[in-house]
Amino acid sequence: MQKKVRIPKKQAINLIKAFAFCIVLVISILYIQSFFGVDSDISYGNERGFLKEKNGSLDAVFIGGSDVYRLWEPLFGWKLYGVAAWNYAIPAISPIAIRYLLKEAIKTQPNALYIISLNVYKGSSIKTKYGYAHYIVDYLPLSSNRLELTEALVEGNEFSAEQAAELFFPIMKFHTRWDKLKDWVFDAAQMDYKSSYHTKEQTSISDVSKGFNISLSKGTIPNDIQKVFDELLEYCSKNEIKVLFVKMPQAISEEEQGRMNSLEDQIIEKGFECLDLYKHFDELCLDLKNDYVDKYHLNIHGEIKLSRYLGEYLIDKYGIENKRGMKEWESWDKSATEYRDYLSSYILPFEEYEKRNNISAPKLNKLSISGQTITVSWEASDGAKSYGVFRSEADSQWEMITETDQLEYIDQELDPKTKYIYTIVPMTIYNGQKSFGHFNAKGVSGTTGGTK
Amino acid sequence: MSIISIEFALFVLAAMLIYYIMPRKARWIVLLVGSYFFYWMNSHWLVLVLFFTSLVTYLFGLIIQRQIDKNQEYILNHESITRDEKKNLKDKLKKKNRIILSIGILLVLGALLFLKYFNFFGENVNVLFSSVGIKWTIPHMNLLLPLGISFYTLQAISYMVDVYRGKVTADHNPAKFLLFMSFFPQIIQGPIPRYSQLAKQLYEGHKFNYNQICFGAQMMLWGLIKKLVIAERLAIPVNYLFEHHTEYSGPILFFAVVLYGFQIYTDFSGGMDLVCGVAQLFGIELEKNFKQPYYATSLEDFWRRWHITMGSWMKEYIFYPLSLSKAFTSLSRKSRKVLGQFAGKRVPVFLAMFIAYFCVGFWHGPNWKYIAYGIWNGTIIMTSILLENIYAKGRMLCRIDENTFTWRSFRRFRTFLIVSFGRFFSRAEDLPTALSMFGRTFKNWRNVSFVTNGSLLNMGLNNANWILLIFLIILLFYVDYKHEQGVSFRVVIARQHLVFRWAIYIIAVLIILVFGYYGSEYNAASFVYEKF
């Protein structure tokens with residue numbers, strides 16, 4: 001008698017089908033997830049934009065937080081020196097993340113010079129707020145490195161299970177932004193501007209002169225920060241990565257500077273290089289009253305000065321080729337022009353190209369207006385040989401209307417009922433070359449009389 | 001542990017794995033342990049109330065059954081017993097069992113009444129006392145309400161009554177009975193199961209059935225879409241409009257209550273789909289609780305399609321026992337003498353119906369608005385029964401064919417309106433607010449510009465969300481329409497090519513993932529009916 005044959009084969013087929021379905025489902029979820037992350041065009045632009053750059057095409061990669069992308073502007077570096085240097089920098093970055101970002105960047109830019117901001121390690125702990133962890137993780141490409149970084153952040157910050165799940169699967173937290181996808185996924189200007197910072201904040205001015213000092217003291221490094229820093233140095237050493245550490249000139253406390261100074265000693269001891277911009281502060285010609293947005297960040301005027309200095313440093317020290325006009329870097333030329341246009345109404349014409357000095361900004365007096373004539377007057381600045389009078393109308397480009405050695409200028413035959421803004425830039429001659437001092441970018445404004 | 005949480009999903013996965021690994025005879029133990037673990041995670045020490053109710057129900061079922069068995073044994077052993085003696089014995093048994101049953105019901109119902117309604121009674125008694133000058137007050141007590149108590153109490157009562165009626169034999173296995181009372185998918189918000197329908201399924205271990213598990217998972221997906229994508233999204237404008245109701249009248253208030261109708265439907269039926277889907281993963285079929293309620297052609301029909309297990313429970317354990325009782329039969333006779341045949345016949349039916357719907361309302365919560373809700377539904381149904389003949393004559397005069405699409409559509413629309421107005425009572429904060437909103441709905445109907453003047457965008461949802469909602473509600477009604485025609489979408493999809501099927505399932509998962517209201521960016525989504 002024939003035995004009834006069971007069909008385990010059917011079970012096996014069902015199991016295979018179920019397994020295959022799960023794989024396809026997971027892949028679909030991971031693909032969709034790549035669109036969802038924290039609301040930060042900086043994180044998105046800097047991390048995703050980095051992947052769009054051709055492998056091996058970058059001269060340098062800056063790694064850090066806002067102490068990087070609000071000090072170094074890649075498109076100024078490009079415009080002035082043809083240096084392609086990307087800000088692989090994330091807001092409020094944790095020291096834990098630096099090594100992992102470095103590891104990620106090296107995959108596509110193995111030969112670049114890696115410029116790491118030492119300011120990331122100035123704090124008293126590696127701990128970061130949960131929300132900031134998303135800035136770092138959400139837009140990294142899916143890889144074992146990203147998983148390890150996420151794990152390290154969860155462990156280092158003792159995030160809860162729900163927080164950890166959301167870090168591994170950001171779609172769980174940010175799927176709520178589905179109706180804004182068009183605005184920030186497909187229109188990320190941060191990417192178009194090659195990780196150059198672009199926001200109205202760049203025009204703010206804050207006087208940080210009282211809180212700024214240069215300290216040579218040495219501080220104690222907290223254990224958790226020392227650990228991650230040691231791991232970073234070991235990683236760089238083991239993988240023979242070309243690294244330059246930079247101390248960015250923030251108006252931070254003596255304690256924080258002390259920690260950075262101690263770390264600098266360790267860097268030099270291990271045979272790495274460190275550029276201390278505090279020591280070169282005078283050469284930067286940064287104006288503490290007019291070039292900072294707050295104690296940690298420069299405004300656009302400060303950014304141009306710092307980018308100019310750093311760009312020159314990179315060219316001189318590392319022999320980077322000027323690639324402006326080359327076909328392979330067309331996109332950089334295009335972006336630099338667009339970025340310049342974007343900032344045109346904020347930047348004075350000499351800022352990017354002319355020599356700078358440390359003559360203080362003249363104190364501007366209130367404008368005297370009579371009909372369609374405006375009289376601009378100001379107080380003398382020590383060291384100034386002459387003064388450039390710059391004028392702009394609201395949102396239009398600054399224009400130098402005259403150079404004078406007087407402390408007053410009468411601007412006549414202006415348009416009626418029009419608002420004009422003036423600022424005065426002190427000038428002197430340095431090594432036979434005209435150099436421009438500090439100025440108040442907000443200027444002083446007034447509206448003419450008369451009838452239109 | 002909410003049933004729409006990752007913890008619950010992991011719990012179900014683990015429970016399934018252990019269930020199918022265990023020998024079939026022992027699989028019910030997995031369900032029992034899982035159910036009590038689930039209840040503990042949600043209610044901690046209040047699990048003792050569930051345990052107490054289950055124990056009392058079990059014991060009283062046994063006691064009643066023992067009386068029945070003793071009686072049957074006596075009759076079997078005494079063949080010479082006469083018919084009259086048999087009848088006397090049966091009557092005695094019935095009387096005795098009725099007392100036992102009453103005590104049992106009192107005990108389990110007492111727990112529910114005390115924990116859920118004590119403060120309500122207290123407040124109302126205090127109002128009454130103060131109006132007559134009595135200074136003594138009943139103190140307010142901080143009582144914790146065990147999860148699902150309103151559901152499992154009805155379940156317990158139905159079991160005891162079914163044993164009393166001889167419909168089922170009492171369960172002799174206390175552990176298995178504990179499982180019947182605590183089965184985790186349905187304990188929080190139903191459906192209210194019958195022992196005859198559920199027990200055997202729970203106790204017999206089910207074979208692993210791939211298709212059944214797939215179907216269960218698909219049902220869960222649909223439930224999650226209804227709950228997380230539609231219901232939670234609708235909650236935003238509904239909550240806004242009901243919180244700011246004093247600023248509105250006319251069409252906006254009506255719009256609010258219509259939205260609420262969709263919200264409660266998708267919330268509750270979505271929960272049911274989830275619950276039934278989870279049960280199906282273990283090879284267990286729970287009773288359907290919804291049957292396309294917005295396709296009902298009358299309010300009576302609506303209550304046969306909405307929260308079906310509660311409606312049938314009320315019918316079987318309140319309405320029929322009352323309307324067929326001696327007292328009501330006697331009332332019917334007396335009413336016919338006084339009021340005539342037509343009215344007299346209906347008085348006991350209407351009284352039973354009134355009590356049943358009163359109980360429906362009261363069951364929903366300790367608030368006069370819920371009672372009003374029940375009375376509204378009962379009154380409309382009674383009125384339609386009373387006016388049945390007049391309606392029939394009217395249809396004849398107007399030559400209306402009842403079987404046409406237009407007439408059915410009109411009836412559905414009319415039922416929808418009646419149901420919607422009734423929802424003021426269940427959704428408003430309290431009865432005075434409900435009555436105020438109800439009244440104001442009839443004003444200012446000339447101005448319907450809120451649809452186009454941007455007011456909709458001030459209710460917490462932007463354009464994209466409204467468009468998504470409209471699309472999904474249309475999809476929901478289309479699916480219900482197909483179900484009304486007897487077409488099962490799950491079966492239709494299952495017949496399609498593998499690629500198409502997988503695409504549908506993956507899209508469903510992604511819809512939940514992307515559009516669902518879950519996660520830390522939203523408040524935790526809890527079910528409306530969970531609080532019962």
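The values are calculated or read from the model by the stated rules, or taken from the named source; none is laboratory data. Model, not experiment: these values are computed from the prediction. For neighbour counting, all protein chains shown are included, and Cβ atoms are generated from backbone atoms with ideal geometry for every residue, glycine included. The protein model used for the area step is the full one, side chains on, heavy atoms only, and it has no ligands, DNA or RNA in it. Shrake-Rupley method; radii C 1.70, N 1.55, O 1.52, S 1.80 Å.
Charging the Cβ of each Asp and Glu at -1 and of each Lys and Arg at +1, and nothing else, the dipole of the stretch B:69-213 about its Cα centre rounds to 280 debye.
The C-alpha atoms of the stretch B:59-188 occupy a region whose extents along the principal axes are 66, 41, 16 Å, arranged from largest to smallest. Here the stretch B:291-445 is described by how far its Cα atoms reach on the three principal axes: 49, 46, 31 Å, from widest to narrowest.
Rounded to the nearest 500, what is chain A's calculated 222 nm mean residue ellipticity when only DSSP H runs of at least 4 contribute -39500 (n - 2.57) each, over all residues? Working shown, then result.
On the way: 16 runs with 176 residues, N = 452.
The helix-only estimate for chain A comes to -12000 deg cm²/dmol at 222 nm.
Couplings 3J(HN,Hα) of the stretch A:414-419, computed from phi: 7, 5, x, 6, 10, 8 Hz, in residue order, whole Hz [Karplus 6.51 cos²θ - 1.76 cosθ + 1.60, θ = phi - 60°; x for Gly and Pro]. Applied to the stretch A:42-51, the Karplus parametrisation 6.51 cos²θ - 1.76 cosθ + 1.60 on θ = phi - 60° returns per-residue 3J(HN,Hα) values of 6, 4, 4, x, 5, 7, 6, x, 4, 6 Hz, with x for Gly and Pro.
If you take every DSSP beta bridge fully contained in chain A, what fraction is antiparallel? Give it as a percent rounded to 5.
On the way: 30 of 49 bridges.
So the antiparallel bridges amount to about 60 percent of the total.
Put simply, the Cα atoms of the stretch B:394-433 extend 44, 18, 8 Å along their principal axes, the longest span coming first.
So which of B:LYS90/B:LYS167; A:LYS129/A:LYS173; A:LYS200/A:LYS417 end up more than 19 Å apart, counting from Cα to Cα?
A:LYS200/A:LYS417
Counting only protein heavy atoms and a 1.4 Å probe, chain A has 46 square angstrom of accessible area per residue. State the Cα centre-to-centre distance between the stretch A:135-159 and the stretch B:83-107 in whole Å. Taking the Cα centre of the stretch B:83-107 as reference, the centre of the stretch A:135-159 is 70 Å away. Considering only A:ASN239, A:LEU263, A:CYS285, and ranking their Cα positions along the charge dipole of the stretch A:202-342 that arises from unit charges at the beta-carbon of Lys, Arg, Asp and Glu, the one farthest toward the positive end is A:CYS285.
In square angstrom and rounded to 100, what buried accessible area do you get between chains A and B, total over both, with the probe at 1.4 Å? Could you put the intermediate results ahead of the total?
Values: alone 21700 and 27260 Å², together 46910 Å².
The contact between B and A buries close to 2000 Å².
Using the reciprocal of the averaged 1/r over all distinct C-alpha pairs, how large is the Kirkwood radius of the stretch B:1-98 in Å?
Details: mean 1/r = 0.0577 Å⁻¹.
Every distinct Cα pair counted, the radius reaches 17.3 Å.
A convex hull fitted to the Cα coordinates of the stretch A:77-168 yields 104 cubic angstrom per residue. What you get for the protein assembly as shown, charging only the Cβ of Lys and Arg (+1) and of Asp and Glu (-1), is a dipole of about 8080 debye around the Cα centre.
Taking a ≥ b ≥ c as the square roots of the eigenvalues of the alpha-carbon gyration tensor, the stretch A:232-376 is classed oblate because a/c is 1.5 or more while a/b is no larger than b/c. Backbone amide hydrogens, once placed in the peptide plane, bring B:THR441 within less than 5 Å of B:GLY250, excluding anything fewer than 5 places away on its chain.
Rg and Dmax of chain A, both derived from C-alpha coordinates alone, stand at 26.5, 120 Å. For the protein assembly as shown, the antiparallel share of DSSP beta bridges with both residues in that region comes to about 60%.
Over all directions, how big on average is the projection of the convex hull of the alpha-carbon atoms in the stretch A:1-119, in square nanometres?
Values: hull surface 46.5 nm².
The directionally averaged projection comes out at 11.6 nm².
Based on Cα atoms of the stretch A:364-421, Rg over Rh with Rh as the Kirkwood radius reads 0.97.
Across peptide B:208-218, what mean number of C-beta atoms from other chains lies inside 10 Å of a residue's C-beta?
Working: counts 2, 1, 7, 1, 0, 2, 4, 0, 0, 1, 0.
Mean partner shielding for this stretch: 2.
Per-residue SASA remark: A:LYS218, around 120 Å² accessible (1.4 Å probe; ligands, DNA and RNA not included).
Remark: for residue pairs A:LYS385/A:LYS434; A:LYS107/A:LYS242; A:LYS295/A:LYS434; B:LYS226/B:LYS288; A:LYS218/A:LYS279; B:LYS94/B:LYS337, the C-alpha separation exceeds 19 Å in A:LYS295/A:LYS434; B:LYS94/B:LYS337. For the stretch A:205-217, 3J(HN,Hα) computed residue by residue from phi via the Karplus equation (6.51, -1.76, 1.60; θ = phi - 60°) reads 10, 9, 7, 9, 4, 6, x, 9, 8, 9, 10, 9, 5 Hz, glycine and proline entered as x.
Please report the carbon-and-sulfur percent of the accessible area for the protein assembly as shown; probe 1.4 Å, protein heavy atoms only, DNA, RNA and ligands left out.
Details: 27390 of 46910 Å².
In the protein assembly as shown, the share of accessible area belonging to carbon and sulfur is 58 percent.
When 1/r is averaged over all different Cα pairs and the result inverted, which Kirkwood radius in Å belongs to the stretch A:144-278? Before the final figure, lay out the partial values.
Values: mean 1/r = 0.0527 Å⁻¹.
In the stretch A:144-278 this quantity evaluates to 19.0 Å.
Which net charge results for the neighbourhood of B:MET310, defined as the other residues with beta-carbon distances under 13 angstrom from its beta-carbon, given Lys and Arg at +1 and Asp and Glu at -1?
+3
Mean silhouette area of the stretch A:37-83, derived from the convex hull of its C-alpha atoms and averaged over all directions, reads 3.8 nm². In the context of the full protein assembly, A:HIS198 retains an accessible surface of approximately 30 Å², using a probe radius of 1.4 Å and ignoring ligands and nucleic acids.
The stretch A:206-238 and the stretch A:38-76 have Cα centres separated by 22 Å.
Where does the stretch B:403-462 land on Rg(C-alpha)/(2.2 N^0.38 Å)?
Details: Rg = 15.3 Å, N = 60, 2.2 N^0.38 = 10.4 Å.
Ratio of Rg to 2.2 N^0.38 Å for the stretch B:403-462: 1.47.
Among residues other than A:LYS442 whose Cβ falls under 12 Å from its Cβ, what is the net charge (Lys/Arg +1, Asp/Glu -1)? Can you show the working numbers first?
Values: positive: A:LYS289; negative: A:ASP207.
Value of the local net charge: 0.
Placing +1 on each Lys and Arg Cβ and -1 on each Asp and Glu Cβ, with no other charges, gives chain A a dipole about its Cα centre of roughly 2140 debye.
Let me have the 222 nm mean residue ellipticity of chain B computed from DSSP H runs of 4+ only, each contributing -39500 (n - 2.57), with the sum over all residues rounded to the nearest 500.
On the way: 23 runs with 371 residues, N = 532.
About -23000 deg cm²/dmol.
If R0 is taken as 25 Å, the Cβ-Cβ distance between B:LEU145 and B:ASN124 corresponds to a FRET efficiency of 0.85. Among the residues of A:176-183, the average count of other protein chain beta-carbon atoms within 10 Å of the residue beta-carbon is 4. Highest-first packing order for the peptide set A:131-139, B:444-452 is A:131-139, B:444-452, based on the mean count of other beta carbon atoms within 10 Å. Once chain B is represented by equal point scatterers at the alpha-carbon sites, with solvent omitted, what log10 I(q)/I(0) does the Debye formula produce at q = 0.10, 0.11 Å⁻¹? Debye intensities relative to I(0), on a log10 scale: -0.96, -1.15. Our Cα-only numbers for the stretch A:389-431 put the radius of gyration and Dmax at 12.2, 44 Å. Membrane-span-like helices in chain B, defined here as complete DSSP H runs extending at least 18 Å along the helix axis by their C-alpha atoms with mean Kyte-Doolittle hydropathy no lower than 1.0, are B:6-21, B:251-281, B:341-364, B:463-484, B:498-515; this is a sequence and geometry rule, not a statement about a membrane.
Label-to-label distance for B:ARG395 and B:TYR210 is 5.0 nm, based on points extended 7 Å past Cα in the beta-carbon direction.
FRET efficiency for the A:LYS317 to A:ASP415 pair, using the beta carbon distance and R₀ = 35 Å, is estimated at 0.10.
Could you tell me what fraction of 2.2 N^0.38 Å the Cα radius of gyration of the stretch B:386-503 comes to, as a two-decimal ratio? Don't jump to the answer; show the numbers that get you there.
Working: Rg = 20.6 Å, N = 118, 2.2 N^0.38 = 13.5 Å.
Computed over Cα atoms of the stretch B:386-503, the ratio equals 1.53.
Measuring with a 1.4 angstrom probe and ignoring ligands and nucleic acids, A:MET326 comes out at about 60 Å² accessible.
For the peptides A:80-90, A:423-433, residues were scored by their other Cβ atoms within 10 Å and the scores averaged per peptide; the highest-first order is A:80-90, A:423-433. When the convex hull of its Cα atoms is viewed from all sides, the stretch B:270-358 shows a mean projected area of 7.4 nm².
Near the amide H of A:ASN87, within less than 5 Å, lie the amide hydrogens of A:PHE62, all on another chain or at least 5 residues away, with H placed in the peptide plane.
Here the stretch B:318-359 is treated as a sphere whose radius is the Kirkwood value from Cα pairs; by Stokes-Einstein at 37 °C and 0.692 mPa s it diffuses with a coefficient of 330 µm²/s.
Averaged over the residues of B:251-263, the number of partner chain Cβ atoms lying within 10 Å of the residue Cβ comes to 0. The packing ranking of peptides B:260-266, B:322-328, highest mean first, is B:260-266, B:322-328, where packing means the average number of other beta carbon atoms within 10 angstrom of each residue. Remark: the protein assembly as shown is approximated by an ellipsoid whose semi-axes, taken from the C-alpha gyration tensor as √(5λ), come to 75, 36, 26 Å, largest first. Kirkwood radius, the stretch B:157-309, all distinct C-alpha pairs, inverse of mean reciprocal distance: 17.6 Å.
Of the residues B:LEU281, B:LEU221, B:ALA235, the one whose Cα sits farthest towards the positive end of the charge dipole of the stretch B:206-289 is B:LEU281 (charges of +1 on Lys and Arg Cβ, -1 on Asp and Glu Cβ, taken about the Cα centre).
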